[in-house]
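Single-structure report; data block below.
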Amino acid sequence: MRKLSLLLICFLTLPFFLYSLEEWELDPPDEINPPAPVEEKKAKKVKEPPARKELRIPDRAFELGLNVDVGLSNNFLAYDEIFQEVLVIDLDRLTDGLKANFGIGLTPIYLKIASKKGWGFGLYTGVDVVGIFGLSGDMLSFKKADDSKSELSGAIFASAGINIFFPVHKFKVKVRPAAYYTVAYMKPDISYGYSSDSQGTQLYIDFDLKIFTAFPMEKFPDSFSDGFSDSFFDDFKLTAEPGFDLSVGLEYPLFNGLDLGIDLYNIPIYSSTVKNYLQMNTTLGSKNSVSLEELFSSFENGDISPIYGEGNEKIDRPFKTLAWASWRPFFASHIFSIIPTFGFSVSQLYLEPFSLEGGLKVRLDLINMLVVTAGVGYYDRLWRNSVDIVFNLRAIEIDIGADFRSDDFARSWQGYGFGARVGIKLGW
């Protein structure tokens with residue numbers, strides 16, 4: 001019975017110790033390579049069979065490239081509803097609010113140098129544009145509400161940084177210090193209220209908007225058709241101060257076929273400061289209970305006049321933390337990987353700064369020449385169903401990708417938003 005139990009234990013546990021020959025050097029068994037006869041003075045040196053290595057295009061030691069990423073989404077109209085002869089609008093959808101989101105990411109220059117020993121560095125510059133539009137469903141449908149908030153915010157950041165990575169024992173450490181300018185930043189305060197009682201009716205929209213910029217806006221033309229005057233260029237000056245943040249990452253091969261990692265993006269070190277602003281504020285309606293005649297006249301008195309001023313607004317870029325795993329189930333081969341991700345983000349552009357993030361991707365890697373990644377996840381307050389394709393010919397690499405996106409999971413499959421990306425890398 002003990003022998004049978006021992007045999008079962010060995011049978012069940014031995015498969016967990018099978019690894020690829022690329023990672024382990026196996027000694028040939030004595031049955032295949034018997035020892036030399038005793039009478040020989042010197043034992044024959046047994047030549048081990050070479051380890052089987054996976055065929056792959058080597059990574060580039062030097063590369064230069066650029067990347068572009070654009071996206072747009074809304075919760076009101078799908079693309080197949082827009083491109084019709086007759087546009088039909090269902091106003092009942094406004095009860096859920098009107099939301100839109102757009103973003104542009106541009107990396108006009110990207111440089112990377114990597115050694116065979118696992119260390120390297122790189123340089124990059126980037127421009128990020130984000131816009132958030134979220135009008136309250138209470139306001140759009142004139143429901144009774146008390147101080148219902150709406151979102152209308154956006155930002156433009158220009159940055160430059162250094163990428164550094166190096167090994168520490170089995171860990172791979174990534175460090176990216178960056179300097180950034182806040183070119184423009186907008187986060188207004190929009191409130192809506194409506195109630196009715198025996199004293200009268202209260203209905204108001206309170207609007208206070210400040211647009212901070214890295215330069216004075218007083219001399220900007222009222223429209224682009226007016227053109228820029230000579231005095232505009234003579235008096236133009238950059239008044240913003242740069243900020244600094246840090247991104248770090250850590251990767252660890254837990255065992256052959258499973259890598260774990262965590263990345264922290266934009267850890268604030270020193271906030272960027274913008275000083276010039278354009279302010280517009282007004283209150284439409286009345287915050288007090290009044291008669292209907294007085295209420296209608298109060299809407300006519302609403303006036304929005306721009307006010308230019310100076311201040312000291314401290315702005316940090318959105319922070320994000322993502323933990324991930326990369327599991328290669330087929331004997332650690334790179335051909336197929338499953339990649340779950342989980343984390344959170346903090347962005348002051350939203351009414352609720354904190355948000356959870358995460359998703360699941362699968363990757364097909366054919367000798368590092370063709371890499372296809374498909375996934376579903378919730379990132380930057382949007383559900384994204386994405387496909388990315390990499391064509392790698394060692395000297396040149398072309399990356400393309402697309403996704404359907406929306407703030408609602410069901411709408412993310414129905415054409416309410418779309419994103420696209422393209423990148424080119426050259427090197428050897």
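Taking interchain pairs and intrachain pairs at least six residues apart, which have beta carbon atoms under 9 angstrom, with the first residue in the range 267-289 and farther than 30 Å from Pro177 by Cβ and surrounded by 18 or more Cβ atoms within 10 Å (Cβ to Cβ) and the second polar (S, T, N, Q) and modelled with pLDDT of 95 or more? Cβ pairs passing all conditions: none. Among the residues of the range 256-289, the ones that are under 30 Å from Lys237 (Cα atoms) and not in a strand (DSSP E or B) come to 1 in all.
Arg176 passes every criterion in (1) at pLDDT below 95; (2) within 17 Å of the chain's Cα centre (by Cα); (3) of a type outside the set (Gly, Ala, Ser) apart from (1). As a summary of the residue check, Ala402 satisfies the conditions (1) modelled with pLDDT of 95 or more; (2) outside any strand (DSSP E or B) except for the one numbered (2). A Cβ distance below 9 Å, combined with a sequence gap of six or more or placement on separate chains, defines the contacts here; from the range 227-256, residues that are over 29 Å from Arg317 (Cβ atoms) and surrounded by 13 or more Cβ atoms within 10 Å (Cβ to Cβ) reach residues that are of a type in the set (Asp, Glu) and at pLDDT 85 or above in the pairs Pro253/Asp259.
Annotation note: of Val390, Val372, Val376, the sole residue that is assigned to a strand (DSSP E or B), without any contact (Cβ under 8 Å) to a residue 24 or more places away in the chain and surrounded by 19 or more Cβ atoms within 10 Å (Cβ to Cβ) is Val390. Given Lys112, Lys99, which one is basic (Lys, Arg), surrounded by 15 or more Cβ atoms within 10 Å (Cβ to Cβ) and under 26 Å from Asp407 (Cβ atoms)? None of the others qualify; the one that does is Lys99.
Residue-by-condition table, conditions (1) over 30 Å from Ser247 (Cα atoms); (2) of a type outside the set (Val, Ile, Thr); (3) out of contact with any Asp or Glu (no Cβ under 7 Å at 6 or more places or on another chain); (4) in contact (Cβ under 8 Å) with a residue 24 or more places away in the chain:
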{"residue": "Leu91", "(1), (2), (3), (4)": "yes, yes, yes, no"}
{"residue": "Pro108", "(1), (2), (3), (4)": "no, yes, yes, yes"}
{"residue": "Ala114", "(1), (2), (3), (4)": "no, yes, no, yes"}
{"residue": "Val168", "(1), (2), (3), (4)": "no, no, yes, no"}
{"residue": "Lys172", "(1), (2), (3), (4)": "no, yes, no, yes"}
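Please verify whether the range 329-340 includes one or more residues that are outside any strand (DSSP E or B), modelled with pLDDT under 95 and over 30 Å from Leu55 (Cα atoms). No, the conditions are met nowhere in the range 329-340.
The values are calculated or read from the model by the stated rules, or taken from the named source; none is laboratory data. The model shown is predicted, which means the values in this text are computed figures rather than measured ones. As a convention, Cβ positions derive from the backbone with ideal geometry for all residues, glycine included, and neighbour counts pool all protein chains shown.
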